[in-house]
Amino acid sequence: MNIHKITNEALAAIFEEMADLLELSGENTFRVRAYRNGAMAIASLASPVADMIASGVDLSDIEGIGSTLAEKSKVIVETGHLPQLEKLRQEVPRGLRDLMRIPGLGAKKAMKLHQELGVLDLASLRDACQRGAVAAIKGFGEKTQQSILQNMDIVEKASKRLAIDVADALVTRLRAHFQECPAINQIEFAGSYRRCKETVGDLDILVTSDSPTAVMDRFAEFPAIQEILARGETKMSVRISDAFQIDMRVVEPDAWGAALQYFTGSKEHNVHVRSLAKSKGLKVNEYGVFDANDESRLVAGKTEQEVYQVLGLPWIPPELRENRREFASDAASRIAHLIRWEDIQGDLHMHTTATDGENTLEEMVQAAKDSGLQYIAITDHSKRVSVARGLDEAKLIEQWRAIDALNQKLAGAFHVFKGIECDILEEGPLDLSDDCLRQADWVTASIHFGQKQSRDQITDRIVRAIAHPCVHSISHPTGRLISRRNPYDVDMTAVVQAAKEYKKCLEINANPERLDLNDIMAANAADAGVLLVINTDAHSVSHFALMKYGVQVARRAGLSKDQVLNTRSLSAFREWLAQHTVRS
DNA sequence: GCCGTTTTCGGCCCGACTGTTTTCAGTCG
């Protein structure tokens, strides 16, 4: 059997395209949804479908994948393409998919534009609008035509999602803006922001107020607003610079919990919640939980806790609401033990002015103490990373002497471990001698160069580093920079297996540009029994605050504090080091 | 196309808003 090394992302994209093309051709919406669900299910799998098929796993055991999609996946993996998709592509112009990305245009309207006007893509749609041809079609009008023309310009920018820290800054500005509005009783930011996704596509503001009009008037005064997209009795949508959308809903206090639950999502989580309610003779909407037989009877709605409770569920932290494992039988205990920011006791990856950091050793130590940590490891770059003025053996040992002296002064109240972020060279070996590495307290290894190498080469380099007796951990194991650089092509299953075998840690890098391992990979590693470590990779004293984003990833992965090394107390961490360090 | 402690057939989450309509379809989240 010939197995194509197709990635899960590519496979999911094929099913996503199938869904779009089926929807355009007017196919049953449930069938369309089944393809979208299938794409979602595959995108959130931990191991590559190609590998699963090769090892005989029955894909239809995966929720959302039935016999049909399992068979199609197999065909794609074995042949590299899908006949049904090729056929659909010939029937439906591919450019119509772009039309569906224009706000206000869906499959039905896109197909109508094609049938009535011969529109094939964005360019021919623009032409048709400028001729005034669109306004003349039944069901369309002057306003629709105008909005299409306006929104077309947004399509290119609209794919931009805000990084979580940028979204955080926007939320802070909005909170300050609404502070001036006495009409607001409660306010919360829901959606993917509340679920702590690594990027945020829009913001959802939820408010209770006796005067919705006053709240919306205040919202309309937010300086960054470029356009008010819609405004009704209880709902308002605006667009701010860079085509970013903010939605606001005003709800009754008695519906606060139900609304918060509803607008936090995810969509897939809510679909599950509602169908669960239905099976219990209840009906859930954003106004509350109701008796399905007597819809005037409100069963719950004031708090999220009671909404989940009447459905027989524990309160599910927003980070877990992705319809992955939050409904499983062990969910309650997983939720009870979910890691929290305050569980973090140490930070084992950071830089100083010795290489590319902005602050001195002493400044970093003071800031770490101020942020409540018990210990840190200083891990400057090794010599190969010359752009960051990486340290050679002599300079590193000089730094370690300084750390020894500093620890004397700290007198046990706080401890600085002598570490290094040792580069994994292009050819495979580590950048520093074993003699030198053996003198370190903590060695984390990472790739900076040769990121374009083949999957086998990259995987081999990382696995070799894991097997090296002096290495404790691998930092930013995929090398991705969110929205800027793809992860390198690495077989994460092999990396996880090696980490398990050699009892080494894998990092969740808390820098919001990196956040790797991501939630799915971290969950997979932890399931395999690999210990994770959450580090800020701080390059300045202000970066200790980034730890929160790393913890968010860990929470989305469903990790408990036991599964993260640096939740341990100083003495427990020392004990771990003693058991996992080779000195001779 | 998926799914199943009443089901292998017949369901599939639910409501707000807009633009185009005279009562609703399409889109969105």
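The values are calculated or read from the model by the stated rules, or taken from the named source; none is laboratory data. As the structure is a computational prediction, the values presented were derived from the model and not from experiment. Positions of Cβ are generated from backbone atoms using ideal geometry, with glycine treated the same way; all protein chains shown enter the neighbour counts.
A few notes on this one:
- A:Gln150 fulfils the conditions (1) in a helix (DSSP H, G or I); (2) within 15 Å of DNA strand B (Cβ to nearest atom); (3) surrounded by 16 or more Cβ atoms within 10 Å (Cβ to Cβ) except for a single criterion, (3).
- Some residue of region A:11-25 being farther than 22 Å from A:Ala123 by Cα, free of Cβ contacts under 8 Å to residues at least 24 places away in the same chain and more than 9 Å from DNA strand B (Cβ to nearest atom): yes
- Being surrounded by 19 or more Cβ atoms within 10 Å (Cβ to Cβ), among the hydrophobic types (A, V, I, L, M, F, W, C), over 12 Å from the mean Cα position of the chain (by Cα) and assigned by TED's automatic domain parsing to the domain that holds A:Pro477 holds for only one residue in A:Val541, A:Val553, and it is A:Val541.
- Residue check for A:Glu233: touching a helix residue (DSSP H, G or I) at 6+ places or on another chain (Cβ under 8 Å), in a helix (DSSP H, G or I) and within 11 Å of DNA strand B (Cβ to nearest atom): no
- Look at (1) more than 8 Å from DNA strand B (Cβ to nearest atom); (2) outside any loop (DSSP other than H, G, I, E, B); (3) among the hydrophobic types (A, V, I, L, M, F, W, C) and you find that A:Ala46 fails only one, number (2).
- Looking across A:Ala183, A:Ala133, one residue alone is over 29 Å from A:Glu319 (Cα atoms), without any contact (Cβ under 8 Å) to a residue 24 or more places away in the chain and in contact with a helix residue (DSSP H, G or I) (Cβ under 7 Å, 6 or more places away or on another chain). It is A:Ala133.
- The listed residue being within 12 Å of DNA strand B (Cβ to nearest atom), basic (Lys, Arg) and in a loop (DSSP other than H, G, I, E, B), out of A:Lys143, A:Lys160, A:Lys138: A:Lys138
- Filter pass, A:Ala499 being in the same structural domain as A:Cys422 (by TED's automatic domain parsing), of a type outside the set (Asp, Glu) and either buried (at least 18 other Cβ atoms within 10 Å of the Cβ) or farther than 30 Å from A:Ala41 by Cβ (or both): yes
- Among the residues making up region A:90-143, those that are more than 26 Å from A:Ala243 (Cα to Cα) and surrounded by 13 or more Cβ atoms within 10 Å (Cβ to Cβ) are A:Val92, A:Pro93, A:Lys112, A:His114, A:Glu116, A:Leu117, A:Ala133, A:Ala136, A:Ile137.
- Of all the residues in region A:574-584, those that are of a type outside the set (D, E, K, R), in contact (Cβ under 8 Å) with a residue 24 or more places away in the chain and either under 23 Å from A:Asp527 (Cβ atoms) or not in a helix (DSSP H, G or I) (or both) number 4.
- Single residue of A:Val530, A:Val490, A:Val496 found to be under 23 Å from A:Asn8 (Cβ atoms), assigned to a loop (DSSP other than H, G, I, E, B) and at pLDDT 95 or above: A:Val530
- Residue check, A:Lys452 charged (D, E, K, R) and within 30 Å of A:Trp341 (Cα to Cα): no
- Test for A:Glu306: is it surrounded by 15 or more Cβ atoms within 10 Å (Cβ to Cβ), out of contact with any Leu (no Cβ under 8 Å at 6 or more places or on another chain) and farther than 19 Å from A:Asp204 by Cβ: yes
- Single residue of region A:332-382 satisfying the filter (in a strand (DSSP E or B) and of a type in the set (Ser, Thr, Tyr)) that is nearest to A:Ala526 (Cα to Cα): A:Tyr375
- Checking each residue in region A:236-286 for being assigned to a strand (DSSP E or B), near DNA strand B (Cβ under 8 Å from one of its atoms), of a type in the set (A, V, I, L, M, F, W, C) and not assigned by TED's automatic domain parsing to the domain that holds A:Ala167 picks out only A:Val284.
- Note on region A:163-203: residues that are buried (at least 17 other Cβ atoms within 10 Å of the Cβ), away from DNA strand B (no atom under 16 Å from the Cβ) and part of a strand (DSSP E or B) total 3.
- Residue tally, condition more than 13 Å from A:Glu23 (Cα to Cα) and within 11 Å of DNA strand B (Cβ to nearest atom), over region A:83-104: 5
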